[in-house]
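**Student:** If you scroll down you'll find the structure; I have some questions about it.
Every number here is computed from the coordinates shown, using simple stated rules; none is lab data. Owing to the predicted nature of the structure, the values given are computational and were not obtained by experimental measurement. Here Cβ is always computed from backbone atoms with ideal geometry, including for glycine, and neighbour counts include all displayed protein chains.
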Amino acid sequence: MLTRAQLNKAINDKIKAEFPTIPIQSSDVEEGFSRPSFFVSLETNRGEGFQFSNLRDMTCRILFFPTSRYQYMEEAYDVMDRLEKLFGLSFTVEDRTITIDSATADVIDKVVHFDFDFSYYDDPAIDPDAGTNQEKMQELNFRE
């Protein structure tokens, strides 16, 4: 089963590879932060459990704070284009490929807001910390 920490790390690793000199802030964006910088958050829109699988529908929100608050449009457009290319169709987490359903990019209050939605099914019987996947029971013989 994929954890939110695994998803977040995979997304952050992609951003770090594309923008190696720009830090990703892990603190609250309301408080002090350096510019330029990214802030990444994951939100669960819907989670639904079934007998043999779980559905998770999520949104990833990436905020980019340009170097300057006053001359930012060119840098903002460049980052928007690169994020759209980076998260255009899918991203890889561990040994899985997650398909991106939709993405939006806007500049709001001089900050780039890049959001993308994705959903995936996961097997709750697979423990990511166990190291190996455990096989499900195939057949049970029962005698009274």
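**Student:** Suppose R0 equals 30 Å. What FRET efficiency, 1/(1 + (r/R0)^6) with r the Cβ-Cβ distance, do Lys16 and Ser53 give to the nearest 0.05?
**Tutor:** 0.45
**Student:** Given the Cα-Cα distance of Ser68 and Ser26 and 0.36 nm per residue of separation, how much length would full extension add, in nm?
**Tutor:** The Ser68-Ser26 span can extend by a further 13.1 nm.
**Student:** How many percent of all Cα-Cα pairs in the range 4-122 sit more than 18 Å apart?
**Tutor:** Percentage above 18 Å: 52.
**Student:** Pulled fully out, how much extra length does the chain show between Phe33 and Asp101, if you take 0.36 nm times their separation in residues and subtract their Cα-Cα distance?
**Tutor:** This chain segment gains 21.4 nm when fully extended.
**Student:** Roughly how many nanometres apart are two label points built 7 Å out from the Cα toward the Cβ at Leu89 and Glu144?
**Tutor:** 5.6 nm
**Student:** Right, here's the next one. Considering amide H positions built from the backbone, and no H for Pro or chain starts, which residues 5 or more places from Ser37, or on another chain, come under 5 Å of its amide H?
**Tutor:** Here Phe65 satisfy the definition.
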